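Peer 1: Attaching a single structure in structure tokens format; questions to follow.
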Amino acid sequence: MDFTLSDEQEMLRDTARALFTKEFPSTLLRDAAYDVTDAGPAEARAVFDAHLRDWFALGDPGVGAGGAAAAGGSSLVDLCLFLEESGTAVVDGPLWSSAALCLPLLRAIGHPDADAVAAGELTGTVALAGADGHWVPNTEPTKCFVPDAASVDRVAFVSAAGAGAGGGAEVVVADAARLTMREVATLDRSRAVFEVAVPADGADSSPIAADALTDVLERATVALAAELVGAARWLREATLAYVGERVQFGRPVGSFQGLQWMLVDAALVHERATAAVYYAAMCIDADDPDRHSAVHVAKAAAGSAARRWAKDGLQAHGGIGYTWEHDLHLRLRRAYAADHLLGDTDWHHDRLADLIF
Amino acid sequence: MKLTWGPQEDAFRGELVEFINDYAPPEALGGKDWIGTATGDIPRWARDWQATLFDHGWMIPAYPPELGGRNATPLQSLIYQEEMGGRGIPRSVHFGGYAIVGPSLLEFGNDEQKALAPAAIRGDTIWCVGMSEPDAGSDLANLSTRAVPDGDSFVVTGQKVWTSYAAHAAKCFCYVRTDTEAAKHKGISVLVIDMDTPGIEVRPLRHITGSAEFAEVFFNDVVVPAGRLVGELNNGWRITMGSLAHERGGLWVDGVASAQRAIDDLVDLAQRRGRAADPVVRRQLAELHEEARSLRALGYKGFASFAQGSSSPEHSFMKLATSELRQRLYEFGMDLQGPYGAVVDPDRSADGGRWQHAWQISLAATIGGGTSEIQRNVVATRVLGLPRG
């Protein structure tokens, strides 16, 4: 397999890196979600609208077999390159939920709003998990862990179809403004999750086959894993820079072997997680038979890498890393919340076991 | 990014597979975790197989035909390693001759020494590599075997240890100290020493499995003609650093391939031992699988930068990671056997004692070729850019 980036992909990555560095400073996130100022939330929304809506079509699976990737359009690899960069910055707003979760679902059911989401005119998310938090179709009247539900235009509800439907599900797309929801606070205030009641008015539903739903969730999972390795990368870079500068006992603390070995082991986890994410994205783009296994490997590795760097990075920073003022905890929060979303490391390991046994 | 290589690469792979099907002996096709014998001698089939690989241009594909290759590109070399590693086919029992000595002679030797390379690569001449000494392990530059100029010769005195296949070797590629005044790294040279020279004594050294591939080699006033010096006097340290650059891009392939084979077999073993429903066993194996698969992806990611001519930090991790992973895999194979975990009786332990034996051998993998501790130091400073301690 060939991990070489095309010229276009290198340009995409560089553009994204510049965009998130320049337009998404941590003050934007803090003012909107952590030390909320009067103008903060509106400003974060304005920056989101100005800079991110144009990118929702990245990785758009399009319609028909093979989707846009087969037609020479953008691929899931492209979306992952973009989300890895957004993960370094921690974006407040429905970027992942619109581009990686809602759009593939709307495409899968051929919903008329799909084009508007792809064009950035609408934002959206998906409501699927029941009270146990697992993203497995169910018939519960309230869906849990619905990301960004209060800040999107559309919520696509996925519920298990009745008996005899062959494991399929049905999808109801609702206007978010008229839904009843309750925010459930998590460690990560930059991606709020909600409990949302399934609308009771019997809106038109569309069927979705089990394998089509699996495809949607696998895309979203790999994209979230890309965001996680981005968060891990920020933590790694910040930590390595800090231990190279911080002097104790007359020498940089990064010269101590005990610290070096801890960081080498963490760097290895991050390196292999990053590779696993792009391998999984390639598998999905090619609809390779290894894709299911690759998705579990990618999410488990990426969740582990982000959590590892959050913890070891904080430890290596010492006291300063434990402060509210330091930006480290913004990524620590994202790392833990995103690891637990769409299946945590343990859950993906167990699914992997089901595949290899 | 794409999953598959192109049609030219597929054709190359096809040629290799055809060769394997036609020529590989059954002993080479077993997909074993180790090769080698209790006495440390090299089996006949392995000698013949290495010569066959050479004669058909499949020993070191990147080399020209006269050196056992076919002028393969870096990508073709990777495909070669994929296919051989994936099937667990060994090229040679003695790594030193084709992988260290041959390439070093070609890069640093004079014409007469270069002429020794084909036989080293074909395995016609068994070589040992005299590097480690009792006081020069990880600190290799501390070596103290002396070579003192005396007319047209050097007189060599000292001791080497952990010298693989010394008891069977015709020649030694030997690192010696030729300047005791200079800084450690600057007083080292390399000599080609015939093993039948008077004054050389080889004592087999058994390792923990009981087999004797290693040896101690003692040099007592061994007279070596001055013309056996490889490269320049006191410039030997460079030779330790450079060899086989074209193979380095794929050295990880065998590590991940054998890890993957072990995982597949561990699943099978867990099923046979009634442990397949145990949630702890399942999760542990899934974790190991995650590690092996992600390391495989990392190896390919590193290859992409390697093939474009840039350095590949990814590969600095691979030896460290695969050697430690394999230890854990084989140990897991022992644990799956419960009370039989430490049984080596081939009639009572699973798979004829495979896991116990492979585990013992794997303990050497985190020591030889640079200990895991040295690897971590190297990654910390050269890859992560941390300050030296």
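The values are calculated or read from the model by the stated rules, or taken from the named source; none is laboratory data. Note that the structure is predicted; figures quoted are calculated from it, not measured. Using ideal geometry, Cβ is built from the backbone for each residue, glycine included, and neighbour counts are taken over all protein chains shown.
Peer 1: Looking only at region B:326-356, count every residue that is in contact with an Asp or Glu (Cβ under 8 Å, 6 or more places away or on another chain) and either polar (S, T, N, Q) or surrounded by fewer than 21 Cβ atoms within 10 Å (Cβ to Cβ) (or both) and tell me the total.
Peer 2: Of the residues in that region, 4 qualify.
Peer 1: Could you tell me which of the residues B:G31, B:G68, B:G57, B:G14 is of a type outside the set (K, R) and crowded, with 21+ Cβ neighbours inside 10 Å?
Peer 2: That would be B:G68, the only listed residue that is of a type outside the set (K, R) and crowded, with 21+ Cβ neighbours inside 10 Å.
Peer 1: Take region B:68-92 and flag every residue that is aliphatic (A, V, I, L, M) and part of a loop (DSSP other than H, G, I, E, B).
Peer 2: If the condition is that a residue be aliphatic (A, V, I, L, M) and part of a loop (DSSP other than H, G, I, E, B), then B:A72, B:I89 are the ones that fit.
Peer 1: Can you find a residue that is surrounded by fewer than 24 Cβ atoms within 10 Å (Cβ to Cβ), modelled with pLDDT under 95 and of a type in the set (D, E) anywhere in region B:253-263?
Peer 2: Yes, there is a match, as at least one residue in region B:253-263 is surrounded by fewer than 24 Cβ atoms within 10 Å (Cβ to Cβ), modelled with pLDDT under 95 and of a type in the set (D, E).
Peer 1: Here's a follow-up. In this structure, is B:V383 aliphatic (A, V, I, L, M), crowded, with 21+ Cβ neighbours inside 10 Å and within 14 Å of chain A (Cβ to nearest Cβ)?
Peer 2: Against the criterion (aliphatic (A, V, I, L, M), crowded, with 21+ Cβ neighbours inside 10 Å and within 14 Å of chain A (Cβ to nearest Cβ)), B:V383 does not qualify.
Peer 1: For region A:343-357, what are the residues that are more than 8 Å from chain B (Cβ to nearest Cβ) and β-branched (V, I, T)?
Peer 2: Matches in region A:343-357: A:T345 only.
Peer 1: Can you name the residue in region B:267-291 that is in a helix (DSSP H, G or I) and of a type in the set (D, E, K, R) and, of all such residues, is nearest to B:G341 (Cα to Cα)?
Peer 2: B:R272
Peer 1: Give just the number: which of (1) surrounded by fewer than 17 Cβ atoms within 10 Å (Cβ to Cβ); (2) in a helix (DSSP H, G or I); (3) under 17 Å from the mean Cα position of the chain (by Cα); (4) not charged (D, E, K, R) does B:A46 not satisfy?
Peer 2: (1)
Peer 1: Does any residue of region B:302-325 turn out to be of a type in the set (D, E), touching a Leu at 6+ places or on another chain (Cβ under 8 Å), buried (at least 24 other Cβ atoms within 10 Å of the Cβ) and part of a helix (DSSP H, G or I)?
Peer 2: There is at least one residue in region B:302-325 that is of a type in the set (D, E), touching a Leu at 6+ places or on another chain (Cβ under 8 Å), buried (at least 24 other Cβ atoms within 10 Å of the Cβ) and part of a helix (DSSP H, G or I).
Peer 1: Here's something else I'd like to know. Just the residues that are hydroxyl-bearing (S, T, Y) and facing another protein chain (nearest Cβ under 7 Å), please, taken from region A:240-289.
Peer 2: Across region A:240-289, the qualifying residues are A:S255, A:Y278, A:Y279.
Peer 1: Out of region A:4-36, which residues are within 14 Å of another protein chain (Cβ to nearest Cβ) and part of a helix (DSSP H, G or I)?
Peer 2: Those that are within 14 Å of another protein chain (Cβ to nearest Cβ) and part of a helix (DSSP H, G or I): A:D7, A:E8, A:Q9, A:E10, A:L12, A:R13.
Peer 1: In the set B:S104, B:S77, which member is in contact (Cβ under 8 Å) with a residue 60 or more places away in the chain, of a type in the set (S, T, Y) and within 30 Å of A:A281 (Cβ to Cβ)?
Peer 2: None of the other options fit; the residue is B:S77.
Peer 1: Now, a different point. Name the single residue, out of those in region B:110-164 being of a type in the set (K, R) and either under 17 Å from the mean Cα position of the chain (by Cα) or in a helix (DSSP H, G or I) (or both), that is surrounded by the most Cβ atoms within 10 Å (Cβ to Cβ).
Peer 2: Among residues in region B:110-164 that are of a type in the set (K, R) and either under 17 Å from the mean Cα position of the chain (by Cα) or in a helix (DSSP H, G or I) (or both), the one surrounded by the most Cβ atoms within 10 Å (Cβ to Cβ) is B:R122.
Peer 1: Within region B:205-245, how many residues are more than 27 Å from B:G69 (Cβ to Cβ), among the aliphatic types (A, V, I, L, M), at pLDDT 95 or above and in contact with a Gly (Cβ under 6 Å, 6 or more places away or on another chain)?
Peer 2: 1
Peer 1: Would you mind telling me which numbered condition in (1) over 30 Å from B:V343 (Cβ atoms); (2) in contact with a helix residue (DSSP H, G or I) (Cβ under 9 Å, 6 or more places away or on another chain); (3) outside any helix (DSSP H, G or I) B:V223 fails?
Peer 2: (2)
Peer 1: Would region B:207-215 turn up any residue that is farther than 30 Å from B:Q337 by Cβ and in contact (Cβ under 8 Å) with a residue 24 or more places away in the chain?
Peer 2: Yes, region B:207-215 has at least one match.
Peer 1: How many of the residues making up region B:93-109 are part of a loop (DSSP other than H, G, I, E, B) and under 10 Å from the mean Cα position of the chain (by Cα)?
Peer 2: Here the count works out to 2.
Peer 1: Check whether at least one residue in region A:215-226 is touching a residue at least 60 places away in the same chain (Cβ under 8 Å), more than 18 Å from the chain's Cα centre (by Cα) and either surrounded by fewer than 16 Cβ atoms within 10 Å (Cβ to Cβ) or away from chain B (no Cβ under 14 Å) (or both), and report yes or no.
Peer 2: The answer is no; no qualifying residue exists.
Peer 1: Name every residue in region B:298-323 that is closer than 16 Å to B:A365 by Cβ and of a type in the set (A, V, I, L, M, F, W, C), in order of residue number.
Peer 2: The answer is B:F317, B:M318, B:L320, B:A321.
Peer 1: Check region B:83-97 and report whether any residue there is farther than 28 Å from B:D264 by Cα and not charged (D, E, K, R).
Peer 2: Scanning region B:83-97, I find at least one residue that is farther than 28 Å from B:D264 by Cα and not charged (D, E, K, R), so the answer is yes.
Peer 1: Does B:V202 count as over 30 Å from B:G151 (Cβ atoms) and at pLDDT 95 or above?
Peer 2: Answer is no for this residue.
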